[in-house]
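Undergrad: Quick one: the structure is below, and I'll ask about it shortly.
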Amino acid sequence: MSAPIVVAVSRDAEHRFSKPNADEIELVAGLGVAGDAHAGVTVRHLSRIAADPTQPNLRQVHLIHAELHDEVREQGFEVAPGQLGENITTRGLDLLSLPWGTVLRIGPQAVVEVTGLRNPCAQIDRFEHGLLKQVVHRDDEGNLVRKAGIMSIVLAGGPVRPGDTVTVELPAEPHLPLDRV
């Protein structure tokens, strides 16, 4: 099996649901994606700011696996990289199975630490009606399953481009499962 790769990068200086693709994004340690509305030391998501603007920003960089796009396409939805608000779209890496604290080395310099699962919201249905049920649902045991990607913080900055490889460094055991952040 080939190494996991970045298939697309996206950013938007405005608070919009979808983010336009770029040829390159620059990750900035402790802040997030340069030029993105969600970059910052404290929370930048509008709902989180309303609740408590002093919370640390554990959602600096949003990653989604391209395999999710493939999966929802089979259900009749058309979703392209960046359209669900992610900054980095990967292929070949099961992001949702990573434990909390996993370190991802992306490209030649950038390093992020996984902080949790994205908690999908109703905006997804406004983007494409019915899509929310594809990315968050209950499994056979009644457990909530969130599939809209993971969130991370930037440990080391650097450029990230399509085609960059992603290297996974698991944290020390015991591994803690991801929860919404």
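The values are calculated or read from the model by the stated rules, or taken from the named source; none is laboratory data. Predicted model only: the values in this text are computed from it and were never measured. Quick reminder, even Gly has a Cβ in these numbers, built from the backbone with ideal geometry, and neighbours come from all protein chains shown. Calculation scope for accessible area: heavy atoms of the full protein, side chains included, ligands and nucleic acids excluded. Shrake-Rupley method; radii C 1.70, N 1.55, O 1.52, S 1.80 Å.
Undergrad: For segment 123-144, check the following and say yes or no: at least one residue is in contact (Cβ under 8 Å) with a residue 24 or more places away in the chain, surrounded by 18 or more Cβ atoms within 10 Å (Cβ to Cβ), on the phi < 0 side of the Ramachandran plot and in a strand (DSSP E or B).
TA: Of all residues in segment 123-144, those in contact (Cβ under 8 Å) with a residue 24 or more places away in the chain come to 123-124, 126-128, 130-131, 134-135.
Okay, now just the ones that are also surrounded by 18 or more Cβ atoms within 10 Å (Cβ to Cβ), so 124, 131, 134-135.
Checking which are on the phi < 0 side of the Ramachandran plot leaves us with 124, 131, 134-135.
Those left that are additionally in a strand (DSSP E or B): none.
No, every residue in segment 123-144 fails to be in contact (Cβ under 8 Å) with a residue 24 or more places away in the chain, surrounded by 18 or more Cβ atoms within 10 Å (Cβ to Cβ), on the phi < 0 side of the Ramachandran plot and in a strand (DSSP E or B).
Undergrad: Could you list all residues from segment 58-68 that are under 22 Å from Leu27 (Cβ atoms) and surrounded by fewer than 22 Cβ atoms within 10 Å (Cβ to Cβ)? Lay out the reasoning, then the answer.
TA: First, pick out the residues of segment 58-68 that are under 22 Å from Leu27 (Cβ atoms): 58-66, 68.
Within segment 58-68, Leu58, Ala66, Leu68 meet the criteria.
Undergrad: Residues of segment 145-181 being among the charged types (D, E, K, R) and not in a loop (DSSP other than H, G, I, E, B), which ones?
TA: Residues of segment 145-181 that are among the charged types (D, E, K, R), as a first pass: 146-147, 161, 164, 169, 173, 179-180.
Listed by number, the residues that qualify are Arg146, Glu169, Arg180.
Listed here are the residues, each with its yes/no results for (1) more than 19 Å from Val103 (Cβ to Cβ); (2) assigned to a loop (DSSP other than H, G, I, E, B); (3) modelled with pLDDT under 95; (4) of a type in the set (S, T, N, Q).
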{"position": "Ala3", "(1), (2), (3), (4)": "no, yes, yes, no"}
{"position": "Val6", "(1), (2), (3), (4)": "no, no, no, no"}
{"position": "His15", "(1), (2), (3), (4)": "yes, yes, yes, no"}
{"position": "Lys19", "(1), (2), (3), (4)": "yes, yes, no, no"}
{"position": "Gly30", "(1), (2), (3), (4)": "no, yes, no, no"}
{"position": "Gly35", "(1), (2), (3), (4)": "yes, yes, no, no"}
{"position": "His38", "(1), (2), (3), (4)": "yes, yes, yes, no"}
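Undergrad: Inside segment 68-95, can you point out the residues that are in contact with an Asp or Glu (Cβ under 8 Å, 6 or more places away or on another chain) and outside any loop (DSSP other than H, G, I, E, B)?
TA: The answer is Arg91, and nothing else.
Undergrad: Return the total of residues in segment 145-169 being among the hydroxyl-bearing types (Ser, Thr, Tyr) and surrounded by fewer than 18 Cβ atoms within 10 Å (Cβ to Cβ). Let's see the steps before the verdict.
TA: Initially, segment 145-169 is screened for residues among the hydroxyl-bearing types (Ser, Thr, Tyr), giving 152, 165, 167.
Those left that are additionally surrounded by fewer than 18 Cβ atoms within 10 Å (Cβ to Cβ): 165, 167.
Number of matching residues: 2.
Undergrad: May I ask you to list the residues in segment 64-103 that are of a type in the set (A, V, I, L, M, F, W, C) and within 19 Å of Gln123 (Cβ to Cβ)?
TA: First, the residues of segment 64-103 that are of a type in the set (A, V, I, L, M, F, W, C): 64, 66, 68, 72, 77, 79-80, 84, 88, 93, 95-96, 98, 100, 103.
Once the filter is applied, which keeps residues that are of a type in the set (A, V, I, L, M, F, W, C) and within 19 Å of Gln123 (Cβ to Cβ), segment 64-103 yields Ile64, Leu68, Val72, Phe77, Val79, Ala80, Leu84.
Undergrad: Mind counting the residues in segment 10-51 that are open to solvent by 60 Å² or more (accessible area, probe 1.4 Å), free of Cβ contacts under 8 Å to residues at least 60 places away in the same chain and of a type in the set (Asp, Glu)?
TA: The qualifying residues number 1.
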